[in-house]
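To start, the structure itself, in structure tokens.
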Amino acid sequence: MSVPRRVIVLGGVAAGMSAASQIRRRHPKTEVTVFERGRHISYGACGMPYNIEDPERSIEDLVVLSAEQARSKRGIDLRLRHRADEIDLDQGIVSVTDLDNELELRESFDALVIATGARAVRLPLPGFDLPGVEVLRDLGDGAAIKKLCEKEPRNAVIVGAGYIGMEMAHVLSARGLRVTVLEKLPQLLPGWHEETVAMVADVLSSHGVEYHTDVTIKAAEAGSDGRVASVVTDRGNFDADFILVAAGVRPNAELASRSGLRLGDTGAIWVNQHQQTSHPSVWAAGDCAEAYHRILRRNTWIPLGTTANKQGRIAGANVVGAGQRFRGIVGTAGFVVFDLEVARTGIGEKQAKEEGFDPVTATIRQRSRAHGYPGGVPVQVHLVADRETGLLLGAELAGTEGAALRVNTLATALAAHMTVADLQNLDLVYAPPFASVWDPVLVAANQLIKKVGS
Ligand SMILES: Cc1cc2nc3c(=O)[nH]c(=O)nc-3n(C[C@H](O)[C@H](O)[C@H](O)COP(=O)(O)OP(=O)(O)OC[C@H]3O[C@@H](n4cnc5c(N)ncnc54)[C@H](O)[C@@H]3O)c2cc1C
């Protein structure tokens, strides 16, 4: 394969900038142009909730690399406020709009990396375009929410009880708002195990956050000042001078699809394990693309920053011929709600059944520190395995100390296709300040081994 002379990257956040930087680092003679339709590149979106919590910090603190630094330090031709509109795969041309100068450009490429990310779902309901209704996806959204908080709103309604909804329930409470979470499905944290959800529900209640599940939202209504004032639902009206819609994300895959690239069943861009799309000169990475799942052994779509960075780096390396393989994800994610750490990896019991496994589960609570050592709190561990083979399938953890990072042991076990017996015999650290002689993960494995065939 000949190394391309000119590469275009679409999207300049985690995946796009990882790819662009990797190309320049490995092959400085290759020209790289990044088109980013927004005003920022390379920022830590994951840090936005915690930044919003602190009125003293600027949202710009989350920017890791400015456009100027990308140009001067990495030699990347970085064009902000440039939106890619069409891709002509036969000609190798991208049509771009320079949004500030209202100019149409046609730029040619030898290789293309698509890293257009995902967008937040907006509700197509009356009143959901009123001032005071926000989503949290990019730095502009984060800035808008910080500004809104300065106006000292009193009542926030969060639509959606996924991990961003939970993080923001905590953040907005900390900013002094009375928070209500409305979820259309029958439980908070859809897809998580009920015992993890129960711990999250307890922590919300104990911090004064009201929540309702099985709610159908009908509209948002304005007050006399023209700003949002309430949410209308089948359970009545809720006061809201701020609504955060945290109802999920969708892949920005339409541009790729229009150009003739294959999408997967998930609606995201299909890629092979080299991050190559259905066209040999086009790679895709991050939230716009699918990712190979090591447990399911097929592509799936779980849009997370960890994956975007790795896939972007591999896409960039492969554009210049490195031949690297993205080994895949196991679906590891975590968050904090008030003082409760919550994390998961792999698949849950319900999904395991849908995938044709015969799942067995165990849920235990064990102290985070040794008996007799001061402090220490219960850590809840929930494990899922296949009854016949004993193969570990998934895990969830929750606790106010020592919970989230323990998920990494389980993520590693999943990646290595360990059985419950393998897990039970792991040589995990024991020292009284941070574990019992039987770590909570091992206690859970000891319980689960009783239910599996090997
Ligand atoms: C509040 C919040 C908290 C999060 N917390 C975590 C966390 O704790 N852990 C974790 O792993 N992940 C987390 N994530 C997810 C993580 O931020 C994303 O997975 C990551 O940003 C994806 O990076 P990306 O480069 O693929 O896409 P994006 O960040 O979506 O970037 C894509 C870029 O492409 C640009 N673009 C789109 N279309 C075009 C076009 N046609 N032309 C030019 N440019 C275009 C967009 O403007 C955008 O800037 C969080 C996300 C949010 C919003």
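The values are calculated or read from the model by the stated rules, or taken from the named source; none is laboratory data. Just so it is clear, the structure is predicted and the values come from calculations on it, not from any experiment. Here the Cβ positions follow ideal geometry from the backbone for every residue, glycine too, while neighbour counts run over all protein chains shown. Remember, those area values only see protein heavy atoms, side chains included, never the ligands or the DNA or RNA. Shrake-Rupley method; radii C 1.70, N 1.55, O 1.52, S 1.80 Å.
Can you name the residue in region 8-34 that is under 26 Å from residue 58 (Cβ atoms) and touching a Lys or Arg at 6+ places or on another chain (Cβ under 6 Å) and is also farthest from the ligand (Cβ to nearest atom) among such residues? Break it down into steps so the answer makes sense when it comes.
Residues of region 8-34 under 26 Å from residue 58 (Cβ atoms): 11-18, 20-21, 34.
With touching a Lys or Arg at 6+ places or on another chain (Cβ under 6 Å) added as a condition, the list becomes 18, 21.
Details: 18: 8, 21: 12 Å.
Per the criteria, the residue is 21.
Using beta carbons and a limit of 6 Å, which pairs, at least six apart or on different chains, have the first residue in region 315-335 and on the phi > 0 side of the Ramachandran plot and the second one within 13 Å of the ligand (Cβ to nearest atom) and open to solvent by 40 Å² or more (accessible area, probe 1.4 Å)?
331/302
Out of 154, 137, which single residue is open to solvent by 40 Å² or more (accessible area, probe 1.4 Å), within 16 Å of the ligand (Cβ to nearest atom) and either in contact (Cβ under 8 Å) with a residue 60 or more places away in the chain or within 27 Å of residue 22 (Cβ to Cβ) (or both)? Give the derivation first.
Details: 154 fails: within 16 Å of the ligand (Cβ to nearest atom).
Every option except 137 fails the conditions.
Filter region 109-124 for residues that are assigned to a strand (DSSP E or B) and either loosely packed, with under 12 Cβ neighbours inside 10 Å or in contact with a helix residue (DSSP H, G or I) (Cβ under 8 Å, 6 or more places away or on another chain) (or both) and give the result. Let's see the steps before the verdict.
Initial filter on region 109-124 (assigned to a strand (DSSP E or B)): 111-114, 118-120.
Result: 111, 113, 114, 118, 120.
Looking at region 263-284, is at least one residue within 12 Å of the ligand (Cβ to nearest atom) and open to solvent by 60 Å² or more (accessible area, probe 1.4 Å)?
So far as region 263-284 goes, no, none of its residues is within 12 Å of the ligand (Cβ to nearest atom) and open to solvent by 60 Å² or more (accessible area, probe 1.4 Å).
So which of 323, 316, 394, 312 ends up being among the small types (Gly, Ala, Ser) and assigned to a loop (DSSP other than H, G, I, E, B)? Spell out how you get there, then give the answer.
Values: 316 fails: assigned to a loop (DSSP other than H, G, I, E, B); 394 fails: assigned to a loop (DSSP other than H, G, I, E, B); 312 fails: assigned to a loop (DSSP other than H, G, I, E, B).
Of the residues listed, the single one that is among the small types (Gly, Ala, Ser) and assigned to a loop (DSSP other than H, G, I, E, B) is 323.
Provide a single number: the residues in region 51-68 that are farther than 30 Å from residue 95 by Cβ, buried (at least 16 other Cβ atoms within 10 Å of the Cβ) and of a type outside the set (Val, Ile, Thr).
Taking region 51-68 and keeping what is farther than 30 Å from residue 95 by Cβ, we get 51-62.
Now restrict to residues that are buried (at least 16 other Cβ atoms within 10 Å of the Cβ): 51-53, 59, 62.
Retained after the next criterion (residues that are of a type outside the set (Val, Ile, Thr)): 51, 53, 62.
Adding up the residues that qualify gives 3.
Filter region 125-134 down to residues that are away from the ligand (no atom under 14 Å from the Cβ), touching a residue at least 40 places away in the same chain (Cβ under 8 Å) and open to solvent by 20 Å² or more (accessible area, probe 1.4 Å), then give me how many there are. Before the answer, list the steps.
Within region 125-134, the first condition is being away from the ligand (no atom under 14 Å from the Cβ), and the residues that meet it are 125-133.
Still in the list and also touching a residue at least 40 places away in the same chain (Cβ under 8 Å): 125-128, 130-133.
Restricting the remaining residues to those that are open to solvent by 20 Å² or more (accessible area, probe 1.4 Å) gives 125-126, 128, 130-131, 133.
So the answer is 6.
Of the residues 335, 326, which single one is under 25 Å from the mean Cα position of the chain (by Cα), aromatic (Phe, Trp, Tyr) and farther than 24 Å from residue 190 by Cα?
None of the others qualify; the one that does is 326.
Within region 417-448, work out how many residues are surrounded by 18 or more Cβ atoms within 10 Å (Cβ to Cβ), closer than 11 Å to residue 390 by Cβ and aliphatic (A, V, I, L, M).
Within region 417-448, residues that are surrounded by 18 or more Cβ atoms within 10 Å (Cβ to Cβ), closer than 11 Å to residue 390 by Cβ and aliphatic (A, V, I, L, M) number 5.
Every residue, every condition in (1) in a strand (DSSP E or B); (2) surrounded by fewer than 21 Cβ atoms within 10 Å (Cβ to Cβ); (3) out of contact with any helix residue (DSSP H, G or I) (no Cβ under 6 Å at 6 or more places or on another chain), yes or no:
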| site | (1), (2), (3) |
| --- | --- |
| 169 | no, no, yes |
| 181 | yes, no, no |
| 190 | no, yes, yes |
| 197 | no, yes, yes |
| 214 | no, yes, yes |
| 219 | yes, yes, yes |
| 224 | no, yes, yes |
| 238 | yes, yes, yes |
| 250 | yes, yes, yes |
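Kindly indicate whether residue 225 is of a type in the set (D, E, K, R), out of contact with any His (no Cβ under 7 Å at 6 or more places or on another chain) and without any contact (Cβ under 8 Å) to a residue 12 or more places away in the chain. Steps first, please.
Details: of a type in the set (D, E, K, R): yes; out of contact with any His (no Cβ under 7 Å at 6 or more places or on another chain): yes; without any contact (Cβ under 8 Å) to a residue 12 or more places away in the chain: yes.
Taking the combined requirement at face value, the residue satisfies it.
Consider region 350-372. How many of its residues are in a loop (DSSP other than H, G, I, E, B), modelled with pLDDT of 95 or more and open to solvent by 60 Å² or more (accessible area, probe 1.4 Å)?
Number of matching residues: 3.
Could you look through region 298-328, keep only residues that are open to solvent by less than 20 Å² (accessible area, probe 1.4 Å) and within 11 Å of the ligand (Cβ to nearest atom), and pick out the one that is farthest from residue 403 (Cα to Cα)?
315
So, in region 381-395, of the ones that are farther than 14 Å from residue 424 by Cα and open to solvent by 10 Å² or more (accessible area, probe 1.4 Å), which residue ends up farthest from the chain's Cα centre (by Cα)?
Step by step, filter region 381-395, then rank; the result is 388.
If we keep just the residues of region 82-101 that are within 9 Å of the ligand (Cβ to nearest atom) and among the charged types (D, E, K, R), which is nearest to residue 139 (Cα to Cα)?
83
Could you pull out the residue among 90, 98 that is without any contact (Cβ under 8 Å) to a residue 12 or more places away in the chain and surrounded by fewer than 16 Cβ atoms within 10 Å (Cβ to Cβ)? Break it down into steps so the answer makes sense when it comes.
Details: 98 fails: without any contact (Cβ under 8 Å) to a residue 12 or more places away in the chain.
Exactly one residue qualifies, and that residue is 90.
I need the full set of residues from region 69-87 which are open to solvent by 80 Å² or more (accessible area, probe 1.4 Å) and in contact with a strand residue (DSSP E or B) (Cβ under 7 Å, 6 or more places away or on another chain), in order please.
Pass one, region 69-87, residues open to solvent by 80 Å² or more (accessible area, probe 1.4 Å): 71-74, 83, 86.
Answer for region 69-87, where residues must be open to solvent by 80 Å² or more (accessible area, probe 1.4 Å) and in contact with a strand residue (DSSP E or B) (Cβ under 7 Å, 6 or more places away or on another chain): 71, 83, 86.
Which of the residues belonging to region 1-49 are part of a strand (DSSP E or B) and either crowded, with 24+ Cβ neighbours inside 10 Å or among the aliphatic types (A, V, I, L, M) (or both)? Outline the logic, then answer.
In the first step, residues of region 1-49 are kept if they are part of a strand (DSSP E or B); the result is 6-10, 31-36, 43.
Correct list: 7, 8, 9, 10, 32, 34, 35, 36, 43.
Suppose we filter 295, 347 for residues that are open to solvent by less than 10 Å² (accessible area, probe 1.4 Å) and more than 15 Å from the ligand (Cβ to nearest atom); which single one remains?
Working: 295 fails: open to solvent by less than 10 Å² (accessible area, probe 1.4 Å).
The unique qualifying residue is 347.
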